[in-house]
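Chemist: Shown below is the structure under consideration.
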Amino acid sequence: MANKFYITTPIYYVNASPHIGHSYTTIAADVLSRYMRQALGKENVWFLTGTDEHGQKIQKAADAAKLSPQDFVDKTSEQFKSLWKSLDVSYDDFIRTTEERHIKVVQKVLQILYERGDIYEGRYEGLYCTPCETFWLESQATGGLCPDCRRPVEHIVETNYFFKLSKYQEWLLDHLKKNTDFIKPASRYEETLRFLELNKLNDLCISRPKERLSWGIPLPFAAGHVAYVWFDALINYISAVGSFDDKGNYQSKWWPAQLHLMAKDILRQHTVYWPIMLHALNIPLPQKVFAHGWWMINEDKMSKSRGNVVNPLDMVEKYGLDAYRYFLMREVPFGLDGSFSEESIIKRYNSDLANDLGNLVYRTLTMVEKYFNGAIPDIKLSPDSKTSGEILAKIKDLGSRVSAGLGDQDFSSALEAIWELIAMANKHIEYTKPWNLAKENKQDELKEFIRLLVDTIREVARHLYPFMPRTAESIQIQLGATVIKKGNPLFPRIETEKK
């Protein structure tokens, strides 16, 4: 394990309000950050998120809202900060691309690459999608439609500046073949590799003339142009944690990042543009890029353009914050698409949270009250007993299983390991029948039984903390040190109408 952990979400585009897709990536990053702080110490973990605030879509959205671009992004960026606070997201830094620290680094990057001959002036003639802010070839835009958003493209002719992506194609292919874990999951790695093997990279148009778009970072060597939003945005990962010296060398305590997290629709920018940009700057590449799946509603991707987005705060208000966080991390393997519905949330809530976890905690604390007046038995547990031994072995194994799951960004398998222990403890209650031990005055066996359950719940809470921090803290408070403080059930069942 490295002695530091730097993790990023993408910086979110502020042309509209945040939705579940944004919260999915950010909660995943929060889970990993909290886990790594437990493992490495708070001072060795850095979690970056933020907002992407330049480009044509922002200009259009600001015009529609009758605001200046700066006033518009100030307002929308605050919506993201407010949401992350409401979702218990423990980020260390929130970067905005309109901040001076970011603008300064972007202009330094542009100047370095220009002086090295990797940026040149050229004439562009072709198709352009304004909503995606992307140039396309005739062969790509079938029927005059953008291949990504399926909206009409426009034909433009203009002079711009280009970054020599094509110069580094063979280098990137070689890097990917030598580093098969650089892109995860494996399906995204294969997708990127296939794209590079089957297509010749075009040089990337990295500027827009100011007469067409004024809302952007000015090029230091061409006052009449601003930086293309994607070239600007990707640099946030280094502008937030370091700077360049006078000789053009990048210096940072945190770089390279251990993990970039994002959704699969921005895979190419992070696995083609970004590695080549870093390599051209003589900066090490991040350790891993992980592109997760989408949340679908009725087999459609959830997105602002489709108008089928769900507000995370509505779900939190209905089902509770930790239930929402748990559902997102447990319902589907992180790399795959998932189907979102409130019926699925309720099912997970009642089964996993109310019946399994909540029931285990509440009835264990009730038994501590009933049999020992609220005092936790002070007794050494023996691994010799068959059932107790199995549970103790499961507890001992839990840390490595959670670590393995989170190391692979497999949140659902890490949670599954925790729930296996919860299920085993619940079965232990039914198997042991503590009420019979009490009737038969088998005090030592009853003490050992209760102490085993309490220790199990403590371990569950400790490993559950990154996923469900408020629930874990509530459990620890109720358990106390030696005397319990039982509260209300953690997850009262949600009653649904029977069809």
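Chemist: Please identify which residues in the stretch 164-179 have an amide N closer than 16 Å to a label point set 7 Å out from the Cα of Tyr124, following the Cα→Cβ vector.
Modeler: Backbone N within reach: 164-166.
Chemist: Pull out the extension gain between Cys149 and Arg458, defined as 0.36 nm times the separation in residues minus the alpha carbon to alpha carbon distance; nm, one decimal.
Modeler: Values: separation 309, 0.36 × 309 = 111.24 nm, distance 4.84 nm.
Extra length from Cys149 to Arg458 when fully extended: 106.4 nm.
Chemist: Then there's this: Testing the spin-label approximation: label points 7 Å from Cα along Cα→Cβ at Asn249 and Asp174. State their distance in nm.
Modeler: 2.4 nm
Chemist: Search the structure for amide H atoms under 5 Å from the amide H of Val226, placed 1.01 Å from N in the peptide plane, and list their residues when 5 or more places away or on another chain.
Modeler: Arg208, Lys210, Leu219
Chemist: On to the next question. Mind giving me the FRET efficiency for Asn282 and Arg212? R0 is 30 Å, r the Cβ-Cβ distance, nearest 0.05 is fine.
Modeler: Values: r = 33 Å, r/R0 = 1.09.
FRET efficiency, Asn282 to Arg212: 0.35.
Chemist: Indicate the gyration tensor shape class of the chain (rounded, prolate or oblate), computed on the Cα atoms with a ≥ b ≥ c the square roots of the eigenvalues: a/c under 1.5 is rounded; otherwise a/b larger than b/c is prolate and the rest oblate.
Modeler: Judged from the Cα gyration tensor, the chain comes out prolate (a/c at least 1.5, a/b above b/c).
Chemist: In nanometres, what is the gap between the two model label sites at Lys486 and Arg116, each 7 Å from Cα along Cα-to-Cβ?
Modeler: According to this spin-label approximation, the distance is 6.6 nm.
Chemist: Sticking with this one: Ranked by Cβ crowding within 10 angstrom, fewest neighbours first, how are Glu133, Glu473 ordered? Please report the intermediate quantities before stating the final value.
Modeler: Details: Glu133 18, Glu473 12.
With the sparsest Cβ surroundings first, the list reads Glu473, Glu133.
Chemist: Let me ask something else. Just to be sure I understand the model, the point goes 7 Å from the Cα along the line to the Cβ. What's the resulting Lys442 to Asp337 distance in nm?
Modeler: Output for this residue pair reads 5.4 nm.
Chemist: Now a separate question. For the stretch 3-13, just list the computed ³J(HN,Hα) in residue order, Karplus coefficients 6.51, -1.76 and 1.60, θ = phi - 60°, integers in Hz, with x standing in for Gly and Pro.
Modeler: Coupling constants for the stretch 3-13: 8, 8, 9, 10, 10, 10, 9, x, 8, 7, 6 Hz.
Chemist: In nm, what is the difference between 0.36 nm times the number of residues separating Ser413 and Lys42 and their Cα-Cα distance? Could you put the intermediate results ahead of the total?
Modeler: Details: separation 371, 0.36 × 371 = 133.56 nm, distance 2.48 nm.
Gain on extension, Ser413 to Lys42, equals 131.1 nm.
Chemist: To continue, here is another question. Let me make sure I get this right: for the stretch 5-292, a, b and c are the square roots of the gyration tensor eigenvalues over alpha carbons, sorted descending. Under 1.5 in a/c it's rounded, otherwise prolate if a/b > b/c, else oblate. Which is it?
Modeler: Numbers: a/c = 1.37, a/b = 1.18, b/c = 1.16.
Rounded, because the longest to shortest axis ratio a/c is under 1.5.
Chemist: So between Leu198 and Lys4, what do we pick up on full extension, going 0.36 nm a residue minus the alpha carbon distance?
Modeler: Details: separation 194, 0.36 × 194 = 69.84 nm, distance 3.72 nm.
Working it through step by step, the gained length comes to 66.1 nm.
Chemist: Ok, one more. From Cα pairs below 8 angstrom and at least 6 apart in sequence, can you work out the relative contact order of the chain, rounded to a whole percent? Each step should come with its number before you reach the end.
Modeler: Working: 737 pairs, mean separation 72.7, N = 499.
Once divided by the residue count of the chain, the mean separation gives 15 percent.
Chemist: In Å³ and rounded to a whole number, note down the convex hull volume per residue for the Cα atoms of the stretch 1-96. Mind dumping the intermediate values first?
Modeler: On the way: hull volume 8.7 nm³, N = 96.
Per-residue hull volume (Cα only) is 90 Å³.
Chemist: Arranged by the count of other C-beta atoms within 10 angstrom, fewest first, what order do Leu201, Leu173 take?
Modeler: Working: Leu201 18, Leu173 14.
Final ranking by Cβ density, sparse to dense: Leu173, Leu201.
Chemist: Follow-up. Could you list Thr271, Thr482 in order of exposure, starting from the residue whose Cβ has the fewest other Cβ atoms within 10 Å?
Modeler: Numbers: Thr271 25, Thr482 10.
Listing Thr271, Thr482 from fewest to most nearby Cβ atoms yields Thr482, Thr271.
Chemist: Between Ala423 and Leu67, how high is the FRET efficiency from 1/(1 + (r/R0)^6) when r is the Cβ-Cβ distance and R₀ = 45 Å? Nearest 0.05. Kindly include the intermediate steps, with their values, before the conclusion.
Modeler: Numbers: r = 53 Å, r/R0 = 1.18.
The value I calculate is 0.25.
Chemist: Further question on the same structure: Tell me the mean residue ellipticity at 222 nm calculated for the chain from its helices only (DSSP H runs of n ≥ 4, each -39500 (n - 2.57), averaged over every residue, nearest 500). Could the numbers behind the result be given before it?
Modeler: Working: 18 runs with 226 residues, N = 499.
Theoretical 222 nm ellipticity from helices: -14000 deg cm²/dmol.
The numbers here are math on the coordinates, done by the rules we state, and not lab data. Owing to the predicted nature of the structure, the values given are computational and were not obtained by experimental measurement. No Cβ is skipped: glycine too gets one built from the backbone with ideal geometry, and neighbour counts run over all protein chains shown.
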